[in-house]
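Heads up, the thing below is written out as structure tokens.
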Amino acid sequence: MTAPSTPLTPTLELACDLIRRPSVTPVDEGCQELMMRRLAAIGFALEPMRIEDVDNFWASHGQDDGPVLCFAGHTDVVPTGPLQAWQHQPFDALIDADGMLCGRGAADMKGSLASMIIAVERFVAEYPLHKGRIAFLITSDEEGPAHHGTKAVVERLRARNERLDWCIVGEPSSTTLVGDVVKNGRRGSLGATLTVRGKQGHVAYPHLAKNPIHLAAPALAELAAEHWDAGNAFFPPTSFQVSNLNAGTGATNVIPGELKAVFNFRFSTESTVEGLQQRVNAILDKHGLDYHIDWALSGLPFLTEPGALLDAVAASIRSVTGRETTPSTSGGTSDGRFIATLGTQVVELGPVNATIHQIDERVLASDLDVLTEIYYQTLVKLLA
Ligand SMILES: [Zn+2]
């Protein structure tokens, strides 16, 4: 715990206030109200958007002409896991002897939310007549199913032709030092459940049956060995992984009638959904399988190429930390994929992600002040 004589910085004070609200997805627990109160106080127009059981809000400040810079993020956090496993209780939000701010959401992503608010408060105070508009797009459904969160808000914004030029998502992008990595895109994710039909029978009478395991095995081996693409300057090669494989009745003397395989592509911008589907079908057809596939697309790849936003973010990181940032498209999907569909340049920039979703989630407290300064400098570069 910090000594009472050491006052917290504004960013850390707000981060602690947010962490102390136990907003396990999709519950918001008043986090957004707290953020909206701060934004209203500096003249933001607020638009709460509760969609089904999910709290979201949109807020903006400035004028209609000129570019729009949006800060995006989520107030929900993942469950804590067993409380007794935590060194400090997950919603106590305290700073330990090593200067780490401990608590669920410290890194993912209440620390970023606090940094955004403080940076914007400072910017609006210093540049009340700034160019264009600053906006916030905040959801409490990023860690859950994410149907009524950013995706649904983006649909509303699209329906009324809301323009978003640039977006900074506060996801914890950094690897070892704050700002060392920013995400300038994400791979797409395409899932599938493959059912291969055979004919059930007695193992002693294989000529009367059709074994789907024997039929599917060489096809799966070929899918696993396939070179889907080589990736490009921004993306690693597309990868194919089988996550589940099931067949068999449990009995040792029965040839099963069916095999199910669940697989997933993480794909680059060198491949398309239709292209991958056609190639999978071609391989399965070549092996003469009787099959059915249920496809589930959970996100298209997106990419923000070097331009005004990436340049401003990289220059701000350089001026605040002295570091050259590395743009990366690795990792899982994020809400950035929904926002990018508006034609927006999207960059994810947040604190170090080493402990996200873990027991004892924590972040170097001083990193959040650094992050505030980086967000502030970015605002100056783009809208001052
Ligand atoms: Zn997150």
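For this structure, a couple of remarks:
- Residue ranges of helices (runs of 4 or more DSSP H) in the range 246-360 with at least 1 members out of contact with any helix residue (DSSP H, G or I) (no Cβ under 6 Å at 6 or more places or on another chain) and within 16 Å of the ligand (Cβ to nearest atom): 336-339
- Of all residues in the range 189-230, those being modelled with pLDDT of 95 or more and within 20 Å of Gly275 (Cβ to Cβ) number 16.
- Just one of the numbered conditions (1) at pLDDT below 95; (2) closer than 14 Å to Ile95 by Cα is not true of Asp53: (2).
- Looking only at the range 49-70, residues that are within 23 Å of Val313 (Cβ to Cβ) and surrounded by fewer than 24 Cβ atoms within 10 Å (Cβ to Cβ) come to 8 in all.
- Listed by first and then second residue, the pairs with beta-carbon distance under 7 Å, at least 6 apart or on different chains, first residue in the range 305-328 and under 20 Å from Asp369 (Cβ atoms), second among the small types (Gly, Ala, Ser) and exposed (fewer than 14 other Cβ atoms within 10 Å of the Cβ), form an empty list.
- Candidates Thr176, Thr195 - the one that is of a type in the set (Ser, Thr, Tyr), over 17 Å from the mean Cα position of the chain (by Cα) and outside any strand (DSSP E or B): Thr176
- Of the criteria (1) within 16 Å of the ligand (Cβ to nearest atom); (2) surrounded by fewer than 24 Cβ atoms within 10 Å (Cβ to Cβ); (3) at pLDDT below 95, which one Arg186 fails: (2)
- Identity of the residue in the range 127-148, surrounded by fewer than 24 Cβ atoms within 10 Å (Cβ to Cβ) and over 21 Å from the mean Cα position of the chain (by Cα), that ends up farthest from the ligand (Cβ to nearest atom): Leu129
Residue-wise test of (1) of a type in the set (A, V, I, L, M); (2) in contact with a His (Cβ under 9 Å, 6 or more places away or on another chain); (3) surrounded by 24 or more Cβ atoms within 10 Å (Cβ to Cβ); (4) over 21 Å from Asn184 (Cβ atoms).
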{"position": "Thr341", "(1), (2), (3), (4)": "no, no, no, no"}
{"position": "Val346", "(1), (2), (3), (4)": "yes, no, yes, no"}
{"position": "Gly350", "(1), (2), (3), (4)": "no, no, yes, no"}
{"position": "Gln358", "(1), (2), (3), (4)": "no, no, no, yes"}
{"position": "Ser366", "(1), (2), (3), (4)": "no, no, no, yes"}
{"position": "Leu371", "(1), (2), (3), (4)": "yes, no, yes, no"}
{"position": "Tyr376", "(1), (2), (3), (4)": "no, no, no, no"}
{"position": "Ala384", "(1), (2), (3), (4)": "yes, yes, no, yes"}
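- In the set (1) more than 30 Å from Lys381 (Cβ to Cβ); (2) exposed (fewer than 15 other Cβ atoms within 10 Å of the Cβ); (3) not β-branched (Val, Ile, Thr), the condition left unmet by Arg104 is number (2).
- The range 158-167 - residue that is within 22 Å of Leu379 (Cα to Cα) and not in a loop (DSSP other than H, G, I, E, B) and, of those, farthest from the chain's Cα centre (by Cα): Trp166
- Scanning the range 207-241 for residues that are of a type in the set (Gly, Ala, Ser), touching a strand residue (DSSP E or B) at 6+ places or on another chain (Cβ under 7 Å) and over 30 Å from Val181 (Cα atoms) returns Ala209, Ala216, Ala224.
- All of Ala230, Ala204, Ala221, Ala216 fail the test of being more than 22 Å from Gly191 (Cα to Cα) and out of contact with any Cys (no Cβ under 9 Å at 6 or more places or on another chain), apart from Ala204.
- Qualifying residue in the range 161-182 (condition: surrounded by fewer than 24 Cβ atoms within 10 Å (Cβ to Cβ), of a type in the set (Gly, Ala, Ser) and away from the ligand (no atom under 16 Å from the Cβ)): no
- Selection count, the range 361-378, where residues are touching a Ser or Thr at 6+ places or on another chain (Cβ under 9 Å), outside any loop (DSSP other than H, G, I, E, B) and either among the acidic types (Asp, Glu) or away from the ligand (no atom under 16 Å from the Cβ) (or both): 12
- Selection count, the range 332-352, where residues are more than 12 Å from the chain's Cα centre (by Cα) and of a type in the set (S, T, N, Q): 3
The values are calculated or read from the model by the stated rules, or taken from the named source; none is laboratory data. A quick note: this is a predicted structure, and the numbers were derived from the prediction, not measured. A quick note on method: Cβ atoms are made from the backbone with ideal geometry, for glycine too, and the neighbour counts reach across all protein chains shown.
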